[in-house]
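In what follows, a structure is listed as structure tokens, so that the remarks can point back to it.
Derivation of every value follows stated rules applied to the coordinates shown; laboratory data play no part. Please read these numbers as outputs of a predicted model, since none were measured by experiment. Note: ideal-geometry Cβ built from the backbone for every residue, glycine included; neighbour counts use all protein chains shown.
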Amino acid sequence: MSSSEKENEFQLTQLSTRSNASKKVKKGQKSIHAQRVCCFAQGVTHKTVFKVFLDVSLTFIDYGFDIFLTYTFFKAQHSKWGTASIVVILLPGITCTVAQCIQDNTNREANRSWTRNFTWRGFGKVLVTLFCYPLWVLILGYQTLARIPDPRMMVHVKVWEGLLESSWQFLIQVVLFQFRTPIGHKIPFGLVYIPNGEFWFRVAGIVLSFCAFLYTVTEYHILLDGKVSQHKRQLKLAPFFTVNFLFRSLTLSLFWVYWKVPALIACVPLWLSNMWLTRKTLLSDLPDRANQHLTFCWVVGGLA
């Protein structure tokens, strides 16, 4: 083969290589543009948008409904349960605030007091996480769509609403439903007349709290494996948590119905044993998972 033929063959090989490379680049650009949704951040897919919209919407709906429930408790002269409902509504915010404070002070100097670490920005963050918990979920949802296309941080914050708020609201509603079944008709916003509306309103509240808890607890166990939005696996986990949660809640509700305040005698040992079981699970059954703040994990896990 002559030198000119070799040179022509080499040029053809280079042209072919460049052509294939340009095709791959164009294909990659097309796939990136195909995944990108509207004006959101790079990498945000339709699935991510749906996940953010669903979780933020459920958080606001459940939070608003619980506030309205608290109003009805006081209206029906259940002052103690109304107060308990207020505490329950604040529980997710309290939990996330404590976790945020622990995280913020982890890398700071140990010999510095909290007064020297105080900033108005940090104080504003505490107010948002403590009293405006749904707003924090909304902010994290916005950041997921606008900056970081990973909803795991938002989901991790949002799950406390179901684990600590919906679960306790379910128990409170079941206790009041058994203790004093609501009687009366209801005309919501003066628009529609509903026969026995008070009864059906309580039933709807119980079902909503139960569904919120079940969706959240199954979502949380998937999140522990570093994954998000596996609805088929959530359906598989649902029967186990349904039986466990209903048995525990209905049993505790009977203690509160018959014993009232002395029911704490039964609840405290249950909480302590649940904390011990959570700690044992984290140490022995899940040794590969990193638990930077073990005490915080098993205390909160015992109350959930």
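Counting other C-beta atoms within 10 Å, and keeping those with at most 15, which DSSP coil trypsin sites (Lys or Arg not before Pro) do you find in region 131-164?
Filter output for region 131-164: Arg147.
Determine, from the Cβ-Cβ distance of His231 and Tyr71 and an R0 of 41 Å, the FRET efficiency 1/(1 + (r/R0)^6), rounded to the nearest 0.05.
0.75
What Kirkwood Rh does region 133-199 have if only Cα atoms enter the pairwise 1/r average? Answer in Å.
Evaluated over region 133-199, this radius sits at 15.1 Å.
Given Lys51/Lys232; Lys75/Lys158; Lys158/Lys280; Lys75/Lys125; Lys227/Lys280, which pairs have Cα atoms separated by over 21 Å?
Beyond 21 Å: Lys75/Lys158; Lys158/Lys280; Lys75/Lys125; Lys227/Lys280.
Taking amide H atoms as placed 1.01 Å from N in the peptide plane, list the residues 5 or more away in sequence, or in a different chain, whose amide H sits under 5 Å from that of Lys186.
Ile194, Asn196, Gly197, Glu198
Give me a comma-separated list of calculated 3J(HN,Hα) values for region 255-263, in order, Karplus coefficients 6.51, -1.76, 1.60 applied at θ = phi - 60°, integers in Hz, x for any Gly or Pro.
4, 5, 5, 8, 9, 6, 4, x, 4
When you count, for each residue, the other Cβ atoms within 10 Å and take the mean per peptide, how do 82-88, 205-211 rank with the highest first?
Answer by packing, highest mean first, reads 205-211, 82-88.
Please work out the FRET efficiency for the pair Ile183 and Thr119, using the Cβ-Cβ distance as r and a Förster radius of 51 Å; give the result to the nearest 0.05.
FRET efficiency, Ile183 to Thr119: 0.45.
Hey, can you rank 68-79, 264-275 by average C-beta count inside 10 Å, highest first?
Peptide ranking by packing, descending: 68-79, 264-275.
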